[in-house]
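First the structure, in the form of structure tokens, and then the observations on it.
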Amino acid sequence: MKPKVFITRHIPGDAIARLKKNYEVRVYSKDHTIPRKELLQGVRWCDALLCLLTDKIDREVIEANPRLKIIADYTVGFDNVDVKYATQKGIPVTNTAGSSDDAVAEHALLLMMALS
């Protein structure tokens with residue numbers, strides 16, 4: 001039986017197709033923030049949660065599934081996840097730190113050039 005991954009929103013590129021090779025994947029299909037009720041249902045089903053900044057992953061969400069093995073936050077920060085509580089439960093939380101470093105640096109440089 002394949003591990004189950006719940007994704008709270010469509011993500012760009014071929015990441016979902018690549019995940020489907022090794023995991024059973026469900027994706028919230030609408031193009032807006034997932035409603036709380038559907039987030040809780042998805043979390044109850046999965047082994048791994050891939051969420052976005054707009055998803056509040058708090059104690060209630062984490063407690064919804066005692067089998068939850070990982071929370072992968074598709075953001076640079078962790079503002080939307082109760083990392084302290086997840087850590088207490090032994091659930092690692094990951095993010096995409098550094099993924100926008102080049103773009104931010106380029107933007108800052110161009111703003112400085114525009115001001116000069």
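Couple of notes before you dig in:
- Residue count, segment 17-37 (criterion: part of a helix (DSSP H, G or I) and surrounded by 15 or more Cβ atoms within 10 Å (Cβ to Cβ)): 1
- Any hit, segment 41-50, residues being more than 25 Å from Pro12 (Cβ to Cβ) and at pLDDT 95 or above: yes
- Every pair of residues 6+ apart whose Cβ atoms lie under 8 Å, when the first sits in segment 96-116 and is closer than 23 Å to Cys51 by Cα while the second is at pLDDT below 75: Thr96/Val76; Ala97/Val76; Gly98/Val76; Ser99/Val76; Ser100/Val76
- Meets criteria (modelled with pLDDT under 95, more than 15 Å from the chain's Cα centre (by Cα) and of a type outside the set (A, V, I, L, M, F, W, C)) for Lys20: no
- Selection of segment 84-116 for residues being at pLDDT 95 or above and part of a helix (DSSP H, G or I) yields Lys84, Tyr85, Ala86, Thr87, Gln88.
- Qualifying residue in segment 7-16 (condition: crowded, with 16+ Cβ neighbours inside 10 Å, among the hydroxyl-bearing types (Ser, Thr, Tyr) and part of a loop (DSSP other than H, G, I, E, B)): yes
- Total residues in segment 46-70, condition hydrophobic (A, V, I, L, M, F, W, C) and either farther than 22 Å from Met1 by Cα or exposed (fewer than 15 other Cβ atoms within 10 Å of the Cβ) (or both): 6
The values are calculated or read from the model by the stated rules, or taken from the named source; none is laboratory data. Keep in mind the model is a prediction, meaning the values are calculated, not measured. Glycine gets a Cβ as well: all are built from the backbone with ideal geometry, and neighbour counts include every protein chain shown.
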